[in-house]
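One structure is given below, encoded as structure tokens.
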Amino acid sequence: MPVELSNKYACFIPPCPLVASRLTGSLSFLFPKATRSLRRLCAAFNTFSLTTATSVSSAPFRQQAATHSIQQYLWARIPKSDFRLKIGFLIDPLTLAMSILVTTAGISVMVYSDSYMCHDQGYARFYAYLSLFTASMLGLVFSPNLIQIYVSWELVGMCSYLLIGFWFARSSAANACQKAFVTNRIGDFGLLLGVSGVYWITGSFEIFELCDRFSELSGSGVINPILANTIAPPLFLGPVAKSAQFPLHVWLPDAMEGPTPISALTHAATMVAAGIFFTVRIFSLISVLPLTMHTTSWVGGITTLSGATLALAQKDLKRGLAYSTMSQLGYMVSALGIGASRPALFHLITHAYPKALLLLGSGSVIHSMEKVVGYSPARSQNMFLMGGLRKHMPITGTTFPSGTLSLCGIPPLSCFWSKDQIIAESWLRSPYLGLTTSITAGPTASHTSRIYFLTSEGNFRANQMNYVGFDTSSPSKNIITSWGGARPESLATQASSNVISATDMERSGVAETGNLVTPPPPEGGPIREKAIQNYSERNLLHPQESNFCMVLPLIVLVIPTVFAGLAGVDPIQKGTGLNLLFDWLISIPSFPEANTHLENLTEILTSSTPSLSLSPIGLLTSFKIYGQTNELVDTKFPEKFKLINKNLLNTYVSLIRDWSINRGYIDYYYDTYFVGGINFTSKLVSYFDQWLVDGFINGTGVSSLSGGEGIRRGKNGRISHYPLGLVIGTVSPVSIVDFPIPPLP
């Protein structure tokens, strides 16, 4: 009875943030002036509503962990027709685990946003969007049928569009939200086709009912395998786009144009998590289709490796983390493709907290950098202008390494346990996929630790540089490349003619609108002298630690980043993370028991050799290139490894660097062939419509007009003209046509 009672209260979880969003949005629209004065109260109300949802989720979660029951509460809609749709909510361990993840991550983001967005005029609107985003994701999580899932799915996409383009006055943000919207339309259209096909086969939208019926029909041979494998890929196309899988991943790096809090929420618990959750929810449907499973596993494998390599030379802090998310999502999808749905969901949860920690930490860094280098993302997010932030921002610099080491897969942090399970399952099911997932562990550790070394170690570099360019950090003595080396002086001189002064950008309303300020002209005069004076004053500045509201979520997120993975169960090994570790610690006084648990722990670590061997190599490589204690000096990459052929290594490094900087050339090919092809086809259709369709209609009209005009000129009413026309009409055929004379009989 208490279990059923607590589960009935779960229906209030999605409405809590939904009501807060509607009230905040209505107040902002109807009473904008009053909302500005009460905006902190609106933020507190939205945070409190999500805290309430978290509290309601925690009680049934503890009970579900013990009982593992599944309950549905449904209300019939359209009951008097052949088509019956029941709306309601579904409660099972998967639902409650995801609700805990969404609400806890949402609370951290809301507390963090209070300081991060405090200078923005759209402060209340931002909180309304945040609450609607979390409500949409919670509605997706609790949906018992595909119709509710699809409605919530579209609401999640709409909220991401609004939040990515929150600073819509900035052209890059406007283009990014449109790119995300269009890319996800492709996946959503496929999802709609898949949902329609599944209903056509099974006759039901209820998840458990249609999955059981589909499995039964497939097992009995009623469904044609070709038809089944034709319907399933469009159904999987929705998660491919939503979870940024290759080749529909192109929207994810550009989505970093939105405010950093929404980037953290998107990458941790909402939009990208929606695709993984949906695939897990319908896993019993796609698991009976080997071809679909094989395709799913390799889509995830390609995404894993490509995301890790694309992040290797990114200079934008948030884009590097975006490609890291893409790679980790690939791990989850590849695990689903080989039938390891439990490790995939486990990695989704363990990855969410360190990624939220890293993105919120990057927001803290960017927020402090803006006061030194200006409010342009090209400067405030440039990792080569940072350095030494652990000294100037001790809390941010101290919490950042825990998320970094967790993503690198270093035990006993959270991501190690889930990633190790995925790699072990991959080796058991497919050696090629196991090799791909194992190799990716090296670049993952490399690009993740690279972000930490460039931002937190060494000396702060921005106040030592006069100019900022694309590939250079200064045209002076040391020019920092994407790999941490120094560029020749000639290239520095050549680049200095095309760079912009670091002090050209002043703070004048960017926080409110996201607009960039027009820089002052570089030619002499008082404006230039004032810019030089401002730069000399800025030379003395260093980033400062963020305030309490921004560092508190970082401190709290360290706890699940370190300990969340210890609660995961590994069905292959002899123990579990948390139980095995705790049992070993408790049984230390009893040496026989301690030896048994130590053997189990040793067996787990031994089986993790593929990932554990490559992760330290990636860490050491990044430390060797970027881990100098002082400013980055001439450290050309090939000179670090003198035992390897320099020309071969030079070529390899150049290829990887160009691949990463140019984003794998995928956007280029899309723009050239896909977008260019659509534009070319549109022009052909326009010419066809203009010259053939409209030409025929216009030609008919012109001929009618000219004919009528000619007849009007001829029929002028003069009697003398009519006999003349009659004579001409009679004589002309006789004179033109030569009639043959018939022979005489």
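Nothing in this text is a laboratory measurement; each read-out follows from the coordinates by a stated rule. Bear in mind that the values here come from a model prediction, so they are computed numbers and not experimental data. Quick reminder, even Gly has a Cβ in these numbers, built from the backbone with ideal geometry, and neighbours come from all protein chains shown.
Under 5 Å from the amide H of G458 lie the amide H atoms of G388, each residue being 5 or more positions distant or on a separate chain, with H modelled from the backbone and absent for Pro and chain starts. Each residue of segment 45-54 was assigned a 3J(HN,Hα) from its phi angle through the Karplus curve 6.51 cos²θ - 1.76 cosθ + 1.60 (θ = phi - 60°); the sequence is 5, 5, 5, 5, 5, 6, 5, 4, 4, 5 Hz, with glycine and proline shown as x. Amide H to amide H, with H built 1.01 Å from N, G88 comes under 5 Å of W75, counting only residues 5 or more places away or on other chains. Per-residue packing, averaged as other Cβ atoms within 10 Å, sorts the ranges 225-232, 724-731, 351-358, 373-380 into the order 351-358, 373-380, 225-232, 724-731, beginning with the highest. Model label points for S703 and L85, set 7 angstrom from Cα along the Cα-to-Cβ axis, are 5.2 nm apart. Sorting 71-78, 267-274, 279-286 by their mean Cβ neighbour count within 10 Å, with the most densely packed peptide first, gives 267-274, 279-286, 71-78.
Across segment 177-290, Cα-Cα pairs more than 16 Å apart make up 61 percent of the total.
Our coupling estimate for segment 402-414, obtained by passing each phi through the Karplus curve with A = 6.51, B = -1.76, C = 1.60 and θ = phi - 60°, is 5, x, 5, 5, 5, 5, 5, x, 8, x, x, 5, 4 Hz, Gly and Pro reported as x.
Extents of segment 648-710, largest first, come to 82, 13, 12 Å (Cα atoms, principal axes, whole angstrom).
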